[in-house]
Every structure is written in structure tokens, then in C-alpha cells.
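Worksheet: one structure, shown below.
The values are calculated or read from the model by the stated rules, or taken from the named source; none is laboratory data. Values in this document were obtained by computation on a predicted structure and should not be read as measured data. Every residue, glycine as well, gets a Cβ built from its backbone with ideal geometry; the counts of neighbours run over all protein chains shown. What goes into the accessible areas is simple: the full protein's heavy atoms, side chains included, and nothing from ligands, DNA or RNA. Shrake-Rupley method; radii C 1.70, N 1.55, O 1.52, S 1.80 Å.
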Amino acid sequence: MSVTTEGARRRGAGRGRPLLYTSYAADQAIWNTPAKRVWTLALLVAVLALPFYLDRDLTSLLTTVFVYAIGGIGLNLVTGYAGQVSLGHAFFLGLGAYTAAVFGGEATDDVVGLGLDMAIWLPLAGLVPALVGFAVAPLAARVRGLYLAILTLGLVFIGLHIFNEADSITGGAGVGRAPAEPVLFGVDLTTRFELFGTRVNRDMVYYILCLVVLVVLAVAARNLTRSKWGRAFAAVRDRDVAAEVMGVSLLRTKTLAFTISSFYAGIAGALLSVVVGRISPNTWDLFLSIDFLAVVLIGGVATITGSIMGAAFVVLLPRLVDELSAYLPFISGHTGEGFLSVFQLQTMIFGALIVLFLVLEPRGLYGLWVRVRNYWKAWPFSY
Amino acid sequence: MSTPAVTEPILDVSDLTLRFGGTTAVDAVEFAVGRAELFAIVGPNGAGKTSIFNCVSGVYRPQRGSIRFDGEELRGRRPDTVAQLGIARTFQNIELFENLTVLDNLMLGRHHHLDYGALAGLLYLGKAKRAETENRRVVEEIIDFLEIESIRRSLVGMLPYGLKKRVELGRALAMEPRLLLLDEPVAGMNLEETEDMARFILDIRAELGVTMVMVEHDMGLVMDIADRVLVLDFGQRIALGEPGRIQSDPAVIEAYLGEAP
Ligand SMILES: Nc1ncnc2c1ncn2[C@@H]1O[C@H](COP(=O)(O)OP(=O)(O)OP(=O)(O)O)[C@@H](O)[C@H]1O
Ligand SMILES: [Mg+2]
């Protein structure tokens, strides 16, 4: 084999040909074109500025989008990238929320709480579910398809049972408990303060906090998926026998996917509980798992950007329907007329959209976005 | 049925027996492959050729016998650990990852050469980045070698059959194996593609010194390039030797003319 590095020396960069790479490292980068870099930066600045212009409840809603995106990315890693269907995501979210509450919450007569700093409870909220994910992965790695779906569904029911019974941790059924205290490095994030003459309230701080966590975890996930592990995920998903023959250990790869996915779920659960303000054991049910599956399916399987889009969609759609229903005569808003309730309409639109995406654009919102982008790249030519 | 002794074989198979319910797919088969040898396995459909490959690579679990690779017993090993010992293979019905690009398929062949863990993958700093870049270079050499530069970014699923076969060979080569198992490398190819593939196989041996075992129905190709040939019929070894001798072996002629045994 003639050994040359000619392939690496594709010339042209810096001479107005931005799509030519001069090194493999540049080619393998996440933001591998100037356009991607500029747009990502612009988007980030815009998103950072947003809470200063929005109502508190909208800010809070967007914070929920970020949290759902974190959980969605986690589920996408195991289900979208590694192809292991999991209905158990809600269980790991709950686990994260209660881990956070135990380590970071206040002790009361009814529930335990250590009142530790967020710098401790937030990582633990990821690590404890990750450990549990690691422990159940060998079981889950043995089965596939429908059996895996049922096995992970079992986790949700076991979780619901435990959460309802463990009064001293969860507050018990119908009561619940307060989540972890958002005190980061000794600073109480709920206190208002002034910044550049603007009042910064709790919702803005949560918004920034969740955004930062999302960006860090999204970049980490993107890194993982372009590494040898991301390729191993895809290999295991598409052809597990061939993957094994290539030297990919099925057990190790699936275990990794479950562990990391559970970590992301745990962080999302902990942040969700803080944003919502109170946690009840029945929050962590099958419907929550399905919400996250919707994030993955609508956003697009095996894409990180798509998971963020999917989260925005899943969180914002109900609100949108809510707002619009005021103008639709056949919807009974909060008054009780009309033959459909807002909630029913939301559920129907949700279901219909999932079906539509599965049939028409299996790559989800991300797939749509790629199509639009490619159209404009080629504009005015339609081929 | 006398075997010319192979000194210090890289692959030593003895008494290999594999049964599926009532059918015996491989029946007490014995052969040894020498270093840098190009060894062919031929036989009618259902003779058990692919089954032998599956036993070697750990996909099937034979009931009896032993498979030694460089002195190490392969029986009982999982496919991924067999691969890590330095055995690569291609499949009769191409088993590429169709949703991935040619590059990613080849990089998958580098999986166990990429020596970094999950944490390094999440951070993608120094260690992982360096490993990816270095291994990318190795993969680019293989891309050059197989003359598939122009499709490195194509999704494998979109490629024509002949190119897929070539990419699959590339993926196996990317593993830098010491033993390469090729299951019908030219099946379904036209004359030109077959000649290309034969050239690659010969180059692999000449330039990389990789030992190869090749299952192939194209007798012309086998006679041209194989050093020795093992003939199977109904899971049993009916002949083993140099191509010229095999061709005139009465047992082989009988098996191929389809006379009732
Ligand atoms: N997974 C399996 N389950 C049951 N029987 C099998 C299996 N794999 C192979 N066999 C049987 O074992 C025998 C040998 O099959 P094998 O695929 O090894 O043949 P082959 O020599 O590769 O044939 P071909 O030239 O058609 O590829 C056949 O009778 C086949 O039906
Ligand atoms: Mg076969």
C-alpha cells in the first residue's frame, strides 16, 4: 500500500473555498463550516438576550424547553443512535429529581434532605441514575425490540411504586415534596438582583442556568456521537452481528448508551423539579416517557440539533394550542362550551403529528430543516 | 486425503463439527492455513463454507473440534474478541452499515485501534482527537489503495453492488488483520469488477502480507490465485491440495457433476 498523506493536503482553504479542509481535524470538527459557526453564535446570543424581553411565564416555558432538550438528547442517544427503544426514561428522570432533592433539599418533619450545594447535587443527580442505568443495562442488552420496550416499561412501574412508597424521600402519593434548593456556590439563585440596570429575577436565572447545562451536555453528546462510540452505536443499531465481527462489544456499547442516557435523564429530572417547584411521585409515569419519545421522533432520530427542535415543539405546542383555542369556536376553553377540551385537542394534534412525521419525514424536524437548508443552498436552481 | 504438513500454521482447524438440529453443516473438518497463504474453500451450495467462517469468527458455536489462531483457541470466544485478535472478514451478503458514509464504515473497522474511552469521547479533546486524526490517516491510505476516493463521503446504501463489495473489503482491511476471511468476494460481479477484485486480493497479499482464506464459487479465479484449495461437500472435506491437483481429483469431479453420493 503506498503510504501518502496526499489525502490530507487538499489545498484551497483560505482562498475563498471554505468547503475545502486542510486537515482531518478540521474536517471532523462539529462546526466545520464558517456558516455553521456564525449561525450558532448568533443563535446563542439571541437566545441569551431573549429572557430580558419576555414575560416571566414565557421565560419559564423556554427553560422547560431546555430541560426537555437535555432529556431528549439523552433518550436520543440510547434510542435514536444506539437503537435501543426505552420506555423507561421517566424513571431515570424521577431518580434524578429525588437524588437532587435528597442531597440538595431541605429536611422537614416528613422528608430527608441534606441541603448541599447545587455544585454537588446536580452532578449527583446525573451520576446516581447513570449508576442505576449501568446496573440494569446488562439485562436490557440481552433483549431487543418489543421485549426491550416491555422491560423498560417495567422500570417505570417499579419506579412509580417505589416513589409512591418511599415517603421519607418523595413525600409520598398526593403529597410530594419540595425539590433541591438552587444554591450554587453559596449563592441563592432565587434572590433578585440588578444587572446593567435590569432586574434579574429567578426565572431568568433558571433560564440561563438550564441553557448553560444544555449547551454543555449537547456539545458533549455531539462529541460522543462523532467519536468511535457514536459509530459503535450506529453499528449496533443497524447490524449487530456485523458490529460484533468488527470488534464492537455489544454489551459494552449498549451499557454505555444506557448509562449516559440515564445520566442525561437524571440531570433533566433534577432541573425540571427545580423549575416546576414541587414534585409529586406520579409525575414520573409512562406519559412522561412518551413525551420524550415524541421529542426524539418529532425532532428526528439520531440528531442532537433535532432533539432540541423536538423539545421546543413538544413543550411549546400545548401552549400554542391553548392560546389559539380562544379563537376557535368549537373548543371549550376554560369556560366549558364546545365539544373538545383544549387538552383533548392537544393530545390529538400530538398524536397526529407523530404519525405524520413517522410516515412523511422519518428524520423529523431536523430532516425538514436539512431540506430547507439544501433548497436555499441550491437556490435559484431547484435540483 | 493426505495433507501436506503446514509448519507453524496461522489457522489450525481440527475436527470442527457444527450441527443445526438434524443437519450437520460442518462435519469433522480439518485444515491448516500457513502464514501469508491464500487459501480457498470451495464446494457446492450448502456445503458448509460460510458456516466455517461463522465458526472461526465466533458467530456460530460449533459442537466439537478446535480452531486455533496463532496457537490461541478461538472456540468459545465472542466475535468482538476474535476480531481483536486480528481476524477480519467480509460477508457473502454484504453486511455494511448502510446509513453511514464510506468513511464511517471504514473508521468502524478501526474501532479497537482507537484507544480511548467514553469520557474522552464526550470531551473530544487531546487524546480522542489525536486518535481520530491518526486513524483517519490509516483509513485514507486504504481508501487510496482501493481507489474509492471519490465516494468516501457517500452513504453506503446509495452505492452500486460492486463498490459495496469493495468498501466491505476496505472495512475489513481497516482492522489491520493478520487473517482475512473473504466470503465470495466476486459473487455477482462482472468480468471487469472481478479482475479488479482479484488484483486487490493479490496486492493485499503482496504488499500487506495478510493471510487470506477465501470462499469462492468462481473456479477460474480460485485456480488462478489460490495457493491451496479445500473442497467441501455436505459439510465434509473431500479434498485438499494445490489447485492443479484438485481439478483432477475424482471425488471433486463427482461432487461438482452432482452425481448422487
Ligand atoms: N443459521 C442457520 N440455521 C440453520 N441452518 C443453517 C444455518 N446456517 C447454515 N445452515 C445450514 O448449514 C448448511 C451449510 O450452510 P452454509 O451457509 O455454510 O453453506 P455454504 O457452503 O456457504 O453455501 P453457499 O455456497 O450457498 O453460500 C446448509 O444446509 C444450511 O441450510
Ligand atoms: Mg455461503
- Query: Accessible surface of A:Thr64 in the full protein assembly, 1.4 angstrom probe, to the nearest 10 Å²?
  - Reply: 30
- Query: What is the mean number of Cβ atoms from other protein chains located within 10 Å of the Cβ atom of each residue in peptide A:231-242, rounded to a whole number?
  - Reply: 5
- Task: For the range A:126-247, compute Rh as the Kirkwood radius over C-alpha pairs and then the Stokes-Einstein diffusion coefficient at 25 °C and 0.890 mPa s; write the answer in µm²/s, rounded to an integer.
- Result: 130
- Task: Whole number in Å², please: accessible area per residue of the protein assembly as shown, 1.4 Å probe, ligands, DNA and RNA not counted.
- Result: 46
- Item | Rg/Rh ratio calculated on Cα atoms of the protein assembly as shown (Kirkwood radius) | 1.06
- Item | Principal-axis tilt of helix B:191-203 within chain B, Cα atoms, nearest 10 degrees | 80
- Note on the structure: Ordering A:Trp376, A:Trp39, A:Trp229 by the accessible surface of their heavy atoms, 1.4 Å probe, largest first, yields A:Trp39, A:Trp376, A:Trp229
- Here the relative contact order (percent) of chain B, from C-alpha pairs under 8 Å and at least 6 apart, is 27
- Roughly how many percent of the accessible protein surface of chain A is carbon and sulfur, given a 1.4 Å probe and a whole-percent answer? 68
- Message: How shielded is B:106-114 by partner chains, expressed as the average number of their Cβ atoms within 10 Å of its Cβ atoms?
- Response: 5
- Gained length - A:Ala107 relative to A:Arg278, 0.36 nm times residue gap less alpha-carbon distance: 60.1 nm
- Heads up, I need the accessible area for A:Tyr207: 1.4 angstrom probe, whole protein in place, Å², nearest 10. 0
- Message: Checking the a/c ratio against 1.5 first, then a/b against b/c, what shape does the Cα gyration tensor give for the range A:193-317?
- Response: prolate
- Task: Count charges around B:Arg68 for me, please; just the other residues with Cβ under 14 Å from its Cβ, Lys/Arg as +1, Asp/Glu as -1.
- Result: -3
- Query: Which of the lysines could a cross-linker span from B:Lys49 if the Cα-Cα distance has to be under 25 Å and same-chain partners fewer than 8 positions apart are dropped?
  - Reply: B:Lys164, B:Lys165
- Task: Could you run the Karplus curve 6.51 cos²θ - 1.76 cosθ + 1.60 with θ = phi - 60° over the range A:311-328 and give me ³J(HN,Hα) per residue in whole Hz, x for Gly and Pro?
- Result: 5, 4, 4, 5, 7, 7, 4, x, 5, 4, 4, 4, 5, 6, 4, 4, 9, 9
- Message: Given the -39500 (n - 2.57) contribution per DSSP H run of 4+ residues, what per-residue ellipticity at 222 nm results for chain A, rounded to the nearest 500 deg cm²/dmol?
- Response: -21000 deg cm²/dmol
- Item | Integer Hz, Karplus 6.51/-1.76/1.60 couplings in order for the range A:115-124, x for Gly and Pro | x, 7, 6, 4, 4, 9, 6, 5, x, 5
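Across peptide A:312-323, what mean number of C-beta atoms from other chains lies inside 10 Å of a residue's C-beta? Don't skip to the end; give the middle numbers.
Details: counts 0, 0, 0, 0, 0, 0, 0, 0, 0, 0, 0, 0.
Counting other chains' Cβ atoms within 10 Å and averaging over A:312-323 gives 0.
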- Enter the accessible area of A:Tyr375 (Å², nearest 10), with the probe set to 1.4 Å and all protein chains included. 120
- Item | FRET E, pair A:Val38, B:Asp203, Förster distance 56 Å, beta-carbon r, rounded to 0.05 | 0.80
- Task: Would you mind getting me the FRET efficiency between B:Tyr161 and A:Ala46? Use the beta-carbon distance for r and R0 = 60 Å, nearest 0.05.
- Result: 0.80
- Treating the Cα atoms of the range B:147-205 as identical point scatterers in vacuum, please give the log10 of the normalised Debye intensity I(q)/I(0) at q = 0.17, 0.18, 0.22 Å⁻¹, two decimals. -0.58, -0.65, -0.97
- Per the Cα gyration tensor, chain B corresponds to an equivalent ellipsoid with semi-axes, largest first in Å, of 33, 21, 16
